[in-house]
Amino acid sequence: MFGSTKFHFRILSVLELSWEKNIAYAAPRPFHALSLRIKGDATFTHGGNTYHTGKNDLIYVPKNYGYTIDAKKDEHVLVIHFDIIDASFDEIETFSPINPNVFVDLFEKIHQVWYKKAIGYEYKMDSIFSKILENIEIQTFKQIHSMKHDFASLLDYIHSNFTDTSLNVELLAKKLNISATYLRKLFKENLETTPLKYLNDLRIEYATALLESGYYTIEEVAEMSGFSDPKYFSTNYKKNTGMSPIKKKNGNYLNDDESND
């Protein structure tokens, strides 16, 4: 589940649980569970595999999984029970956050929302749970990939500024005070792509959304998505998507030789 592709979910309950240290068996349950240990130290055993969780760790247990838990200290956890609609995960997973305070805050918020059940609380829970999943993905990425030269901050900068037509590989390298060659090496090592392609993909994705909205001309879309030259944008867009911008804008029913906006 951690670092997986996006899936749809339905939250069933959010509970705050405490128990004394002991060894117990948890029978299979008809829902998925994601829990955060506020305090404690426990080992989960399932199918011969063991999974350790300590204070501030997260653990995911799939639906219909039974397990033995050896709690070596008194336990205090917040747990979210939920259904997954369009995906299947069949392994227990643990996660030790880089910044646990983010998760403590989010788990406490979602528990309060579920407990109070104010009008519209289901939407609020969905929003907070999505934020939890977002932060798991972000922090997992930072743990897996090398962060030399503050690479993670550079990616944040790119995502915040990719529509700036002046943003290019040279400017990004200058921001890290490294050569463009070394920047390309960092992208290859961490993301198996080039900085130019990474930047271009963000622009193309954003341009697609603008085109599909139908609100803007091709020239406006080009500038808004970070391309200074509409002709280059059109060539680049077709090369990357197999479709001209005008065809995408008009609902895919025009021939590519049907011209302009």
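Around Tyr157, what is the net charge, scoring Lys/Arg as +1 and Asp/Glu as -1 over all other residues with Cβ under 14 Å from its Cβ?
Numbers: positive: Lys174, Lys175; negative: Asp150, Asp156, Asp164.
Here the count lands on -1.
A compact globular protein would have a Cα radius of gyration near 2.2 N^0.38 Å; the ratio found for region 7-109 is 1.02.
Electrostatic tally near Arg29: other residues with Cβ closer than 14 Å to its Cβ, Lys and Arg +1, Asp and Glu -1, net 0.
Here region 117-188 is treated as a sphere whose radius is the Kirkwood value from Cα pairs; by Stokes-Einstein at 10 °C and 1.306 mPa s it diffuses with a coefficient of 109 µm²/s. Over the chain, what percent of the accessible surface lies on carbon and sulfur atoms, probe 1.4 Å? After summing per-atom areas, the C and S share lands at 50 percent. P(r) for region 94-243, from all Cα pairs and a bin width of 5 Å, is 2, 8, 14, 14, 13, 13, 14, 11, 7, 4, 1, 0 %, short bins first. Against the chain, whose longest principal axis comes from its Cα atoms, helix 180-191 is set at around 40 degrees.
State the three equivalent ellipsoid semi-axes of the chain, derived from the C-alpha gyration tensor as the square roots of 5 times its eigenvalues, in descending order and whole Å.
Details: eigenvalues 387, 108, 52 Å².
One finds semi-axes of 44, 23, 16 Å for the chain.
Given the rule -39500 (n - 2.57) for each run of at least 4 DSSP H residues, summed and divided by the residues of the chain, what is its mean residue ellipticity at 222 nm, to the nearest 500 deg cm²/dmol? Walk me through the intermediate numbers first.
Working: 9 runs with 115 residues, N = 261.
After summing the helix terms and dividing by residue count, I get -14000 deg cm²/dmol.
Helix 195-213 and the long axis of the chain differ in direction by around 80°, with both axes built from C-alpha atoms.
Computed from the alpha carbon atoms alone, the convex hull of region 85-130 holds 105 Å³ per residue.
Rounded to the nearest 10 degrees, the inclination of helix 230-241 to the longest alpha-carbon principal axis of the chain is 50 degrees. Restricting attention to region 51-175, the count of lysine pairs at 8 or more positions apart or across chains with alpha carbons under 20 Å apart stands at 13. Protein-only accessible surface at a 1.4 angstrom probe places the residues Lys231, Lys55 in the order Lys231, Lys55, largest first. Given q = 0.16, 0.19 Å⁻¹, what are the Debye log10 I(q)/I(0) values for region 61-183, with equal point scatterers placed on the Cα positions and solvent ignored? With one equal scatterer per Cα and no solvent, log10 I(q)/I(0) is -0.99, -1.17. Taking 22 Å as the straight-line reach from the Cα of Lys248, the lysines in range (excluding those fewer than 8 positions away in the same chain) are Lys197, Lys231, Lys238, Lys239. When the P(r) of region 145-218 is calculated, the portion above 16 Å amounts to 50% of the C-alpha pairs. In the chain, the sites counted are GluC sites (Glu not before Pro) in DSSP loop states with at most 14 other Cβ atoms within 10 Å, and the longest stretch holding none of them, exclusive of the sites, is 92-191.
Along the axis of the charge dipole computed for region 1-60 (Cβ charges of +1 for Lys and Arg, -1 for Asp and Glu, origin at the Cα centre), the listed residues Ile11, Thr53, Ile23 are led at the positive end by Ile11. Kirkwood radius and radius of gyration were both taken over the C-alpha atoms of region 49-129, and their ratio Rg/Rh is 0.98. In the context of the full set of protein chains, residues of the chain present 56 Å² of accessible surface per residue (probe radius 1.4 Å, heavy atoms only).
The values are calculated or read from the model by the stated rules, or taken from the named source; none is laboratory data. Just so we're clear, the structure is a prediction, and the values are computed from it rather than from any experiment. Because the Cβ atoms are built from the backbone with ideal geometry, glycine has one as well, and the counts that use them run over all protein chains shown. Accessible surface areas use protein heavy atoms only, side chains included; no ligands, DNA or RNA. Shrake-Rupley method; radii C 1.70, N 1.55, O 1.52, S 1.80 Å.
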